[in-house]
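What follows is calculated from the coordinates using simple rules that are stated; it is not laboratory data. Since we're looking at a predicted model, the values are computed, not measured. Ideal geometry is used to build each Cβ from the backbone, glycine not excepted, and the neighbour counts take in all protein chains shown.
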Amino acid sequence: MRLRFLLPAAVLVVLIVLFAFGLQHDPREVPSPLIGKPAPDFALRVVGEDTPFSRDDLLGRPLLVNFWASWCLACRVEHPLLMELARQGVEIVGIDYKDTDADGLRWLERHGNPYRHIVADERGSAGLDWGVYGVPETFVLDANGTIVHKHIGPIDEQAWRRTIQPLLTMAPARAATETR
């Protein structure tokens, strides 16, 4: 008879503990197995052109690789900061994720273009190789093309100052970190 009451109570306690643990976890902090490894190889094209663009084009200097799309509301949130970073000389490569050239170019015409290069990933294949869960996601690469950081979601001033900017100035040192 006691088991009849203890079992549901035990299950309830376990569920409460799991729920409490889940509330403390930030869903934007998803570990990436790519930190400390070379950026995945890819062969895409520059938006609006037939010019090829590959991993080799990311080598030689520290930079940001920003996956974004014209249909992405959160991309609009981070866009003013990306514009400011580009004005300060930060090199940003934009990968237009699961979007059309026309929509991406129209969006950049309306909001400004912070990207040194805009690359088309219409099918999302490169995003899949990079472990992109959704846009925006930004990767910090050192001069050797090694991923030293992955930022999930819109970059804000705090993330820029505390994490991303120091990593760009440390590059090509391999400061393997990852946060949201």
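Quick notes on this one:
- A simple spin-label model places pseudo-atoms 7 Å from Cα toward Cβ; at residue 156 and residue 110 they are separated by 2.5 nm.
- The calculated FRET efficiency for residue 46 paired with residue 73, based on their beta-carbon distance and R0 = 22 Å, is about 0.30.
- Gyration tensor (alpha-carbon) shape descriptor, the range 81-140, a/c threshold 1.5: oblate
- FRET efficiency for residue 165 and residue 61, using Cβ-Cβ distance with R0 set to 22 Å, rounded to 0.05: 0.90
- A Förster radius of 35 Å combined with the Cβ-Cβ distance from residue 128 to residue 83 puts the calculated FRET efficiency at roughly 0.80.
- Debye log10 I(q)/I(0) at q = 0.09, 0.13, 0.17, 0.20 Å⁻¹ for the range 40-180, Cα point scatterers: -0.23, -0.49, -0.88, -1.27
- The range 154-168 - phi-based ³J(HN,Hα) in whole Hz, Karplus 6.51/-1.76/1.60, Gly and Pro as x: x, 6, 10, 4, 5, 4, 4, 5, 7, 10, 6, 4, x, 5, 5
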